[in-house]
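To keep things clear, I will list the structure first and then write my remarks on it.
The values are calculated or read from the model by the stated rules, or taken from the named source; none is laboratory data. Because the structure is a prediction, the values reported are computed rather than measured. Here the Cβ positions follow ideal geometry from the backbone for every residue, glycine too, while neighbour counts run over all protein chains shown. With ligands, DNA and RNA removed, areas are computed over all heavy atoms of the protein, side chains included. Shrake-Rupley method; radii C 1.70, N 1.55, O 1.52, S 1.80 Å.
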Amino acid sequence: MGQGPQIDRRALLAAGAALGLAPALPALAADQDARVRALLKQMTLDEKIGQTHQPAGGRQKALNSKIDATALDLVRKGGVGSYLHVAGAAFLRELQRTAVEESRLKIPLLFAIDVVHGFRTLYPVPLAMAATFDPEIVRATARMAAVETAVSGLHWTFAPMVDIARDPRWGRIVEGAGEDPYLGSVMAAAQVRGFQGQGLNAKDSILACAKHFGAYGAAAGGRDYDSAELSDRTLNEVYLPPFHAAAKAGAGTMMTAFNDLNGEPTTANAALVRGVLKTQWTWPGLVVSDWNAILELINHGVAETPVQAAALALKAGVDMDMASGVYAAHLKTAIAQDPSLLPLLDQAVARILTAKMRLGLFDDPYRFGDPEREKTIFVGPEHRAIAREAARKAVVLLKNDGGLLPIAPTTRKIAVIGALATDSLSQLGSWKARGQVGDVAPLLPALQATAPAGTEIVHVAGASPRSDDESGVPAAVAAAKAADLVLLMVGEDFDHSGESRSRSDLSLPGAQETLARAVLATGKPVVVLLPSGRPLVAPEVLEKAPAVLATWFLGVEAGPALADILFGKAAPGGRLPVGFPRATGQSPTYYAHVPTGRPADPDLAKDTVRYHDVDIGPLFPFGHGLSYAAFAYSDLALDRDSIAPTGAVKVSLTLANTGAVEADEVVQLYVRDPVAGVARPVKELRGFHRLTLKPGERRRVTFTLAAAQLAIWSPGGWRIEAGKVEVMVGSSSADIRLRGAFAIAAPGKGRDPAAAILTPVSVV
Ligand code: BGC
């Protein structure tokens, strides 16, 4: 379809081949393990503590700025295990040289940075990548990001962020995969595979870090850093599965969350980190704290002194201290007071050395970083091509009344309205790493280049998301009146979402609502382009505008990708990874809720589970997204009526493109356990597949669904109940086209979190 690289998706059995069979983090070879043990024996207490110390080598906007003579001296003494906020092949080579030539034990340093959606080539923000519903493009963007990161001398990214987010007020919803644990698990595994490539010792592989373990996304009221209050079932069924999937895909590291879970800060939660993650899941990777989080245990009120904070975090299983310096300054005292901490320190150091060994740094500490490639590889053509494909795939067509899109070739004059239409910085998104605004291909020239010759395109800012100034509205209205079609770009800028960017009001910021109303009142055909890092609430605008595209922040190829979609060079096929509520006060709301005794009813005379002042459910539900084509679903077949608790059923259907253009459809498989010992969600995603079909083309899609994917978390573990299971296949969580059922013949036990088990899909 259109331009850009063609990757043969058909050959990929989405979750099965690309993801589900990914190897877990392999154990070290016996000789490497022996080297780690031998090294540990030679280390002094100070050198051991030094390995757990990860100071900032710079600031996010001034990388390397803190590496001065004092810092180098500490490296020589073996007082540093890792640096974050550093970059640059030549610079890091020299820093590494100091460690491996001038320190007693010559232990290499680990260099880390947040590469969340790209290093220099920025890709769509993670929420947008989740909207692709395409693990292969997600893997591909992470792979290209890893190449640029490794070339710049870095070993480790603090990504993927796999926190489930059901409250769009939370600013960090932009960094994850949205509201659903199955989608979140698929995206987590895809990113780990992308960053870590064929294995950690392979060329250009970097360590992934699944964060922020375990319920950071459940912050009360969507306020960043706030407490999570969760049942054990919700924790295990909703918030932990993406971490499990990341672990299973071989994630080398994880980061603990800032917040507390039921009163226990995760950074001090031994039952969760040492218990669930390290012991129950037998995951052998490295755990790093979040920034300054060990010291913040004092603010949480669970430690009185930094010495106590150090002891608590070490006991919890936090191996490395990001930025607080508490381990470096106080672990020695803590161990003197309580010698039982020493074996725990040894375990932490062993995990750190093991990570370095896995990366091959003991054999070649300079295998990362290539000053020559660094000059040529950034934002190269292959990286741009993948960025464009990803951006096109991420766009979600929320509405298209009367088939307003794609833009008719007869359209002569287009008014582009909104300050965001020229805001290239925002297209870089929330984690920019080394991204540069000059790398962004902007919207207006792309529109001009893609439009039929002779099309006139004018731009008027009208209003900005950063100001209440309405003085530009009349000029925008005049431009709209003079045009055949309006592209109205209103939404958030990059800095409305992200860390500590929670909002209490999800409406259009600044004077944009006024602008939108005035432009819609002209009666001209209006296409709303909605950039954002979260679901927004603008019912009047979204209901009145005939066509709406959710455009997120799309990275360096934002302009051309949007132009491709608008002019029909590519058909939109993205889907919402989180529902858009009708009102901020509806949050949190999610499709996979459990039924109540009084299901929501449109009749307000009845007392049911709903708000009186707003319609039921989200404006645009999870999984929603339209196309320029139309798709028919038929012939659902299950290959058996009943399966054992250890068994699986094949669910097949036929999908046909009944439209006039080639386009993508995302087939979605939902399940429900209608009668169980505890109330079960009305629908749970358990499989999906995005495929491209030509007009008239039809395909048979088969999901292999295991009984274990219906398991219910209960105090003894994963319980599989006998009984009926309903199967629903459709185009969104609210657009079910086919229904079937099977039975689980007998009760049984599951092993892994149900939502973390990835469903193989085949297409013939
Ligand atoms: C964020 C992490 C990030 C770290 C290092 C923290 O404030 O919560 O997600 O990895 O900073 O930049």
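Ranking S504, S424 by solvent-accessible area of protein heavy atoms (1.4 Å probe, all protein chains present), from largest to smallest, gives S504, S424.
Rounded to 0.05, the FRET efficiency of the A746 and L74 pair, given R0 = 60 Å and the Cβ-Cβ distance, is 0.50. Entry comment: accessible area of the chain is 34 Å² per residue, from protein heavy atoms only and a probe of 1.4 Å. What the Cβ-Cβ distance of T514 and L604 gives, at R0 = 30 Å and to the nearest 0.05, is a FRET efficiency of 0.45. Share of Cα-Cα pairs in region 631-763 beyond 22 Å, in percent? Of the Cα pairs, 35 percent sit more than 22 Å apart. Applying the Karplus relation 6.51 cos²θ - 1.76 cosθ + 1.60 with θ = phi - 60° to region 237-246 yields 3J(HN,Hα) values of 8, 10, 8, 7, x, x, 5, 5, 5, 5 Hz, where x marks Gly and Pro. Here's how it looks for I720: its modeled amide H is under 5 Å from those of I712, G748, K749, G750, which are all 5 or more places away or on a different chain.
From most to least packed by mean Cβ count within 10 Å, the peptides 388-396, 133-141, 119-127 give 119-127, 388-396, 133-141. Taking the inverse of the mean 1/r over every pair of distinct Cα atoms in region 168-258 gives a Kirkwood hydrodynamic radius of 13.6 Å.
Backbone N atoms of region 678-708 closer than 17 Å to the 7 Å Cα→Cβ label point of T654 belong to residues 693-703. The long axis of helix 89-102 is offset from the longest Cα principal axis of the chain by roughly 20 degrees. V526 sits among other residues whose Cβ lies under 13 Å from its own Cβ, and their net charge, with Lys and Arg +1 and Asp and Glu -1, is +1.
A cut-off of 5 Å between modelled amide H atoms, ignoring neighbours fewer than 5 places along the same chain, links V490 with L529.
The Cβ shell under 11 Å around S324 holds other residues with a net charge of -3, Lys and Arg each +1, Asp and Glu each -1.
Most tightly packed first, judged by the mean number of other beta-carbon atoms within 10 Å of their residues, the peptides 39-48, 583-592, 708-717 read 583-592, 708-717, 39-48. Taking only alpha carbon atoms, region 407-557 gives an Rg to Rh ratio of 0.96, where Rh is the Kirkwood radius. Multiplying the residue separation of L636 and T596 by 0.36 nm and removing their Cα-Cα distance gives an extension gain of 11.5 nm. A simple packing score, the average count of other Cβ atoms within 10 Å per residue, orders the peptides 340-348, 254-262, 108-116 as 108-116, 254-262, 340-348, with the highest score first. Tell me which lysines have Cα within less than 22 Å of K41's Cα, excluding those fewer than 8 residues away on the same chain? Candidates past the 8-residue exclusion: K77, K106, K315, K332, K356.
At each listed q (0.13, 0.16, 0.19 Å⁻¹), what is the log10 of I(q)/I(0) that the Debye formula gives for region 215-270 modelled as equal alpha-carbon point scatterers? Debye curve over Cα of region 215-270, log10 I(q)/I(0) at q = 0.13, 0.16, 0.19 Å⁻¹: -0.32, -0.49, -0.68. Nonpolar atom fraction for the chain, defined as the carbon and sulfur part of the 1.4 Å probe accessible area, stands at 53 percent.
Based on alpha carbons, the Rg and Dmax found for the chain are 25.9, 80 Å.
In order along region 50-60, the phi-based Karplus estimate (6.51 cos²θ - 1.76 cosθ + 1.60, θ = phi - 60°) of 3J(HN,Hα) comes to x, 5, 7, 9, 10, x, 7, x, x, 10, 3 Hz; Gly and Pro are listed as x. The tail of the calculated P(r) for region 468-534 beyond 20 Å holds 33 percent of all Cα-Cα pairs.
Looking at the chain alone, DSSP beta bridges between its own residues are antiparallel in about 60 percent of cases. Full extension of the segment from A521 to Q448, taken as 0.36 nm per residue of separation minus the current Cα-Cα distance, would add 23.7 nm. Taking every alpha-carbon pair within region 19-373, the share separated by more than 26 Å comes to 45 percent. Backbone geometry of region 417-423 corresponds, through the Karplus equation with coefficients 6.51, -1.76 and 1.60 at θ = phi - 60°, to 3J(HN,Hα) couplings of 10, x, 5, 5, 5, 10, 8 Hz, x marking Gly and Pro.
Counting only DSSP H runs of at least 4 residues, each contributing -39500 (n - 2.57), and dividing by the residue count of the chain, the helix-based mean residue ellipticity at 222 nm comes to -7500 deg cm²/dmol. Amide H of G118 versus every other amide H placed in the peptide plane: which residues, excluding those fewer than 5 positions away on the same chain, fall under 5 Å? The list, which skips near neighbours in sequence, is Y123.
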